[in-house]
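Student: Let me give you the structure first, and then I'll get to my questions.
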Amino acid sequence: MSKLTGQRIEAERLDGWAYLLGGLQTRIHTKDFATGLAVVNAIGAAAEEMNHHPELTLRRTHVDVRLTSHDERAVTERDIRLARAISSVAADAGVRLECSGVSQLELALDTPGRDVIAPFWAAVLAMEHLSGPGFGDEVRDPAGVLPTVWFQTSDGGEPHQRWHLDIWLDPAQVEPRMTAALAAGGTLVSDAEAPSFWVLADPEGNRACLCTWQARD
């Protein structure tokens, strides 16, 4: 199976799904736990039949779903097929899926010496230090629960904010999220790299980036 680009995934028109950091994600609103459990069981049956398994999080009123092909560390045709099957499960159960509230969080640490500090963060967070093609240089939770920490190389003499947040969103959600942040007292620091990412800051100057798959390799 070959990796699919963001443009190819967008062309599939998967209503209610977002392409975030190498995976497809959705939130299925189930209203109550019993309905959510029934939906999870139906998804499990479909996944077993297709021999391709999603990551599921069952909550009291919703089910979060993430699909990725782990052998490729990317979205492939298998994920597209399973996403359509899960959409059918939701329709049969009379529940809806949406992606407006779905996001992926990464923590970025600005440092001139990432090789020195990465092992510490891997140890204190009990995560893996990964580097090389497809990873960059980052600390990642093998269980996929904690946010990935990556290291942004900075000049040793450069004044910088040590930490900032990267919030990965569906492109359609950037404008409403940014509007809300600006209305809450934030400022737009830079849109020079849009639509790849926008840099925002809170009233004290602490920064966050709203990131999408667009305009990336």
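The values are calculated or read from the model by the stated rules, or taken from the named source; none is laboratory data. The structure presented is a predicted model; accordingly, all values stated were derived computationally and were not measured. When we count neighbours, we look across all protein chains shown, and the Cβ atoms used for this are built from the backbone with ideal geometry, even at glycine. For accessibility, only protein heavy atoms count, side chains too; no ligands or nucleic acids. Shrake-Rupley method; radii C 1.70, N 1.55, O 1.52, S 1.80 Å.
Student: With the condition kept exactly as written, say whether any residue in region 163-182 is assigned to a loop (DSSP other than H, G, I, E, B), at pLDDT 95 or above and open to solvent by 60 Å² or more (accessible area, probe 1.4 Å).
Tutor: No, because not a single residue in region 163-182 is assigned to a loop (DSSP other than H, G, I, E, B), at pLDDT 95 or above and open to solvent by 60 Å² or more (accessible area, probe 1.4 Å).
Student: Check region 104-115 and report whether any residue there is part of a helix (DSSP H, G or I) and at negative phi.
Tutor: yes
Student: Moving to a separate point now. Looking at LEU24, LEU14 in this structure, which one is closer than 21 Å to ASP92 by Cα, open to solvent by less than 20 Å² (accessible area, probe 1.4 Å), touching a residue at least 24 places away in the same chain (Cβ under 8 Å) and of a type outside the set (S, T, N, Q)?
Tutor: LEU24
Student: Now for a different question. Select from region 144-162 the residues that are outside any strand (DSSP E or B) and modelled with pLDDT of 90 or more and write down the one among them that is nearest to THR111 (Cα to Cα).
Tutor: Ranking the qualifying residues of region 144-162, first place goes to PRO147.
Student: Just give me the residues in region 32-78 being farther than 17 Å from GLU98 by Cα and of a type in the set (D, E, K, R), in sequence order. Spell out how you get there, then give the answer.
Tutor: Keep residues of region 32-78 that are farther than 17 Å from GLU98 by Cα, which gives 33-34, 37-38, 41-42, 44-53, 68-78.
Residues satisfying the conditions are GLU48, GLU49, ASP71, GLU72, ARG73, GLU77, ARG78.
Student: Looking at ARG114, ARG96, can you tell me which residue is under 25 Å from LEU169 (Cα atoms), among the charged types (D, E, K, R) and open to solvent by 60 Å² or more (accessible area, probe 1.4 Å)?
Tutor: The match here is ARG96.
Student: Counting just the residues of region 191-213 that are among the polar types (S, T, N, Q) and within 17 Å of PRO176 (Cα to Cα), which one comes out surrounded by the most Cβ atoms within 10 Å (Cβ to Cβ)?
Tutor: So the residue we want is THR212.
Student: Looking at GLN25, GLN104, can you tell me which residue is touching a Gly at 6+ places or on another chain (Cβ under 9 Å) and closer than 19 Å to THR148 by Cβ?
Tutor: None of the others qualify; the one that does is GLN104.
Student: Which of the residues that make up region 63-91 are open to solvent by 50 Å² or more (accessible area, probe 1.4 Å), under 14 Å from GLY22 (Cα atoms) and of a type outside the set (D, E, K, R)?
Tutor: Passing the criteria: only HIS70.
Student: Now for a separate question. Can you confirm whether GLY36 is over 19 Å from the mean Cα position of the chain (by Cα) and either surrounded by fewer than 21 Cβ atoms within 10 Å (Cβ to Cβ) or basic (Lys, Arg) (or both)?
Tutor: no
Student: Hey, among LEU210, LEU200, which residue is within 28 Å of ARG13 (Cα to Cα) and assigned to a strand (DSSP E or B)? First the steps, then the outcome.
Tutor: Details: LEU200 fails: within 28 Å of ARG13 (Cα to Cα).
Criteria check complete, one pass: LEU210.
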